[in-house]
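Novice: Before I ask anything, let me first share the structure, which is written out below as structure tokens.
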Amino acid sequence: MTWYYAKSGVRHGPVTDVDFRALAASGKIQPADLVWTEEFGAAWRMASTVPDLVFAAHVIAPPPPPKTVADNPANAEAYTSSTPNRELMSAARLSLQGNWGLAIGVTVVIGLIQVALSLLTNIPLIGLVFSLGSLLISGALALGIACFWISLSRTGSGSMSQAFSGFERFGTAFLAYLLMGIFIFLWWLLLVVPGIIAAYRYSQTWYVLADNPQMDALDAIRCSKQIMRGNKWKLFCLHWRFFGWILLCLLTCGIGFLWLGPYMSMSAAKFYEDLKPA
């Protein structure tokens, strides 16, 4: 059996089964690294899912998940994303290998639902009903999409049903969507720039909820605010790196967005995963 593994978005291999296990035992392959062998088919998987694979003791423990921000923010940990954005984008492309069809399918289905709701809200008389419907389900869709991208990023696998899993926590998702909308709107009343900064401040809320099923909406928003301190500019720069691709997609009459959308979403998930306590 031969193996391939990825470090910082760069693929290595092939290596024999013996060498592969030796790399894990020495710490050169860590539990969160993506690995592949022919038995996996088209999907890469996390090394931690490989049976009987022994890792070096100092890398066994996974990084701590985002924590709920306490009432006293001064005691909360600072987080940082240390991986260069170009490497996060490279890692995103690697995770999408063999998964483009699924990623595009989920993006298209969710996009069609959002477009349909947007169009229906403009219909006289019944538009108000669909506006209310859009408000009610947008949070659940956003949470489900976050669950899907996190799963695809970490395990190399996902499903369409995950994109709708946010409805299992409908109340929390709706409240998070409503509160985020209110907070961002209030900052927009001041000026455009504070509104944009607020949007980045709360941008990790859905990932935090995906990772912490028992967390309530307000705690997730607070947690996003905490972990984005000092990281908002880096995320903005990550988004800006796609500007040229957006222009190219416009030249394809929008067809290119079928691939760009998943690429951007996976890169955003990689950014979240890279946030670690400083």
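Novice: Given the condition in a loop (DSSP other than H, G, I, E, B), under 26 Å from Phe183 (Cα atoms) and open to solvent by 10 Å² or more (accessible area, probe 1.4 Å), answer yes or no: does some residue in region 229-247 qualify?
Specialist: yes
Novice: Restrict the check to region 78-91 and report whether at least one residue is modelled with pLDDT of 80 or more, open to solvent by 60 Å² or more (accessible area, probe 1.4 Å), in contact with a strand residue (DSSP E or B) (Cβ under 8 Å, 6 or more places away or on another chain) and farther than 21 Å from Ile150 by Cα.
Specialist: no
Novice: Hey, another quick one. From the list Ser151, Ser157, pick out the single residue that is of a type in the set (Ser, Thr, Tyr), open to solvent by 30 Å² or more (accessible area, probe 1.4 Å) and farther than 17 Å from Asp216 by Cβ.
Specialist: Every option except Ser157 fails the conditions.
Novice: Continuing with this model, one more query. Any chance region 107-120 includes a residue that's farther than 21 Å from Gly261 by Cα and either at pLDDT below 95 or touching a Cys at 6+ places or on another chain (Cβ under 8 Å) (or both)?
Specialist: Checked against the condition, which is being farther than 21 Å from Gly261 by Cα and either at pLDDT below 95 or touching a Cys at 6+ places or on another chain (Cβ under 8 Å) (or both), region 107-120 yields at least one hit.
Novice: List the residue pairs whose Cβ atoms are under 9 Å apart, where the first residue sits in region 249-265 and is farther than 11 Å from Ala92 by Cβ, the second is open to solvent by 60 Å² or more (accessible area, probe 1.4 Å) and in a loop (DSSP other than H, G, I, E, B), and the two are 6 or more positions apart or on different chains.
Specialist: Listed pairs, sorted by first residue: Cys249/Ile255.
Novice: Still on this structure, please answer the following. Collect the residues in region 34-58 that are in contact with a helix residue (DSSP H, G or I) (Cβ under 9 Å, 6 or more places away or on another chain), part of a loop (DSSP other than H, G, I, E, B) and at pLDDT 80 or above, keeping them in residue-number order.
Specialist: Thr37, Val50, Asp52, Leu53, Val54
Novice: Could you please give the count of residues in region 182-218 that are part of a helix (DSSP H, G or I) and either farther than 15 Å from Gly139 by Cβ or open to solvent by 40 Å² or more (accessible area, probe 1.4 Å) (or both)?
Specialist: 20
Novice: Here's another thing I want to ask about it. Quick one: Ile137 ticks every box in (1) buried (at least 17 other Cβ atoms within 10 Å of the Cβ); (2) at pLDDT below 85; (3) under 27 Å from the mean Cα position of the chain (by Cα) bar one, so which box is it?
Specialist: In the conditions (1) buried (at least 17 other Cβ atoms within 10 Å of the Cβ); (2) at pLDDT below 85; (3) under 27 Å from the mean Cα position of the chain (by Cα), Ile137 misses (2) alone.
Novice: Six or more apart or on different chains, Cβ atoms under 6 Å: show the pairs whose first residue is in region 189-205 and touching a residue at least 12 places away in the same chain (Cβ under 8 Å) and whose second is part of a helix (DSSP H, G or I) and among the hydroxyl-bearing types (Ser, Thr, Tyr).
Specialist: Tyr202/Ser224; Gln204/Ser224; Gln204/Tyr272; Thr205/Ser224
Novice: Pairs only if they're at least six apart or on different chains, beta carbon under 6 angstrom, first in region 111-131 and in a helix (DSSP H, G or I) and among the small types (Gly, Ala, Ser), second at pLDDT 75 or above and open to solvent by less than 50 Å² (accessible area, probe 1.4 Å); list them, first residue then second.
Specialist: Qualifying pairs under 6 Å: Gly127/Thr121; Ser131/Thr121.
Table: residues versus (1) within 23 Å of Leu135 (Cβ to Cβ); (2) modelled with pLDDT under 95; (3) touching a helix residue (DSSP H, G or I) at 6+ places or on another chain (Cβ under 8 Å).
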site	(1), (2), (3)
Ala176	yes, no, yes
Trp187	yes, yes, yes
Ala210	yes, yes, yes
Cys237	no, no, yes
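Novice: Further question: Among residues belonging to region 1-31 that are assigned to a loop (DSSP other than H, G, I, E, B), in contact (Cβ under 8 Å) with a residue 24 or more places away in the chain and open to solvent by 70 Å² or more (accessible area, probe 1.4 Å), point out the one that is nearest to Leu94 (Cα to Cα). So that I can check it myself, show each step before the final result.
Specialist: Residues of region 1-31 assigned to a loop (DSSP other than H, G, I, E, B): 1, 8-9, 27-31.
Now narrow it down to the ones that are in contact (Cβ under 8 Å) with a residue 24 or more places away in the chain: 1, 8-9, 27, 29-31.
From what is left, the residues that are open to solvent by 70 Å² or more (accessible area, probe 1.4 Å) are 1, 8, 30.
Numbers: Met1: 21, Ser8: 10, Gln30: 17 Å.
Looking at the filtered set, the residue picked out is Ser8.
The values are calculated or read from the model by the stated rules, or taken from the named source; none is laboratory data. Here the structure is a predicted model, which means the values were calculated and not measured. Positions of Cβ are generated from backbone atoms using ideal geometry, with glycine treated the same way; all protein chains shown enter the neighbour counts. Heavy atoms of the whole protein, side chains included, go into the accessibility calculation; ligands, DNA and RNA do not. Shrake-Rupley method; radii C 1.70, N 1.55, O 1.52, S 1.80 Å.
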